[in-house]
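> Please read through the structure below; I'll follow up with questions.
The values are calculated or read from the model by the stated rules, or taken from the named source; none is laboratory data. Since we're looking at a predicted model, the values are computed, not measured. Cβ: placed from backbone, ideal geometry, glycine included. Neighbour counts: every protein chain shown.
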C-alpha cells in the first residue's frame, strides 16, 4: 500500500504487518516469552534431579538452536505468507512446537539448578566438540538469515527449506549424542522426541523442495 505525504508530496510505502521488521521481532519475542510460561506447566517441579554435563549442555545449547529455528520460521512466514502450503504449515508447527520445547528446556534447567542458557561463547563442549556459539551444528549464518529476510515468494520457499533441513540435521546430531550420553531420563526422552519430530520434518521439507523444483 502507498500513501502520499501531503506536506512533501512524497510516496510513503506502508508495509503489510508481516513484512514489517518490528512486527517480526515482536512475534519472535512473544514466542520466546510464551515458551517460558509454557515451561512452568510442562516441566515438573521436583527437587534437583540427577544430571551430568551432557544434560546441562544439551539443554542450554538446544534452547539457543530452537530459538533460531523459531526466528527463521517467523521471518519465512513474513517473506512468503502465501507461498508453498506445506512449508507454511511446517514453519507454523516449528514456531509453536519449538517455542513450547524451549519452555520445557528452561524448566528442566531450573530443576537442575543450572543456568537457563549457554552463557559462554562456546557451544557443544559437552559433546567434546567445542565450537563458537554462532557456528553450532546446523545454525544459519547472519548472511543466510539476511538473505532469507530479503527473499520473497518461491525464492523464500527454497531458501527456508534448505536452511531448515541443515538446521534440523545439526539438531539431530546433538539430540542423538544427548540420547546416548545424558544421565537424566527426562532429558533422554526429550532428546528422543526431538529426533523423531525433526526426522519427520526433514522428510516433509525435502518433499516440499521436490515440489518446488
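> Would a scan of the stretch 44-61 turn up a residue that is modelled with pLDDT of 95 or more and not in a helix (DSSP H, G or I)?
yes
> When you go through (1) under 27 Å from residue 204 (Cα atoms); (2) buried (at least 22 other Cβ atoms within 10 Å of the Cβ) one by one for residue 123, which number turns out not to apply?
So the condition that residue 123 fails would be (1).
> Please go through (1) more than 17 Å from the chain's Cα centre (by Cα); (2) assigned to a helix (DSSP H, G or I) for residue 183 and return the number of the only condition it doesn't satisfy.
(2)
> Turning to a different aspect of this structure: Within the stretch 105-120, which residues are assigned to a loop (DSSP other than H, G, I, E, B) and either surrounded by fewer than 16 Cβ atoms within 10 Å (Cβ to Cβ) or within 15 Å of the chain's Cα centre (by Cα) (or both)?
113, 115, 117, 119, 120
> Do we have residue 152 as within 19 Å of residue 80 (Cα to Cα), in contact (Cβ under 8 Å) with a residue 60 or more places away in the chain and more than 17 Å from the chain's Cα centre (by Cα) here?
yes
> Suppose we filter the stretch 128-158 for residues that are touching a helix residue (DSSP H, G or I) at 6+ places or on another chain (Cβ under 8 Å) and assigned to a loop (DSSP other than H, G, I, E, B); how many remain?
8
> Can you give me the number of residues within the stretch 159-213 that are under 30 Å from residue 83 (Cβ atoms) and without any contact (Cβ under 8 Å) to a residue 12 or more places away in the chain?
6
> Here is a further query. Could you please let me know if residue 161 is assigned to a helix (DSSP H, G or I), within 20 Å of residue 208 (Cβ to Cβ), modelled with pLDDT under 95 and more than 12 Å from the chain's Cα centre (by Cα)?
Judged against the criteria, residue 161 is not a match.
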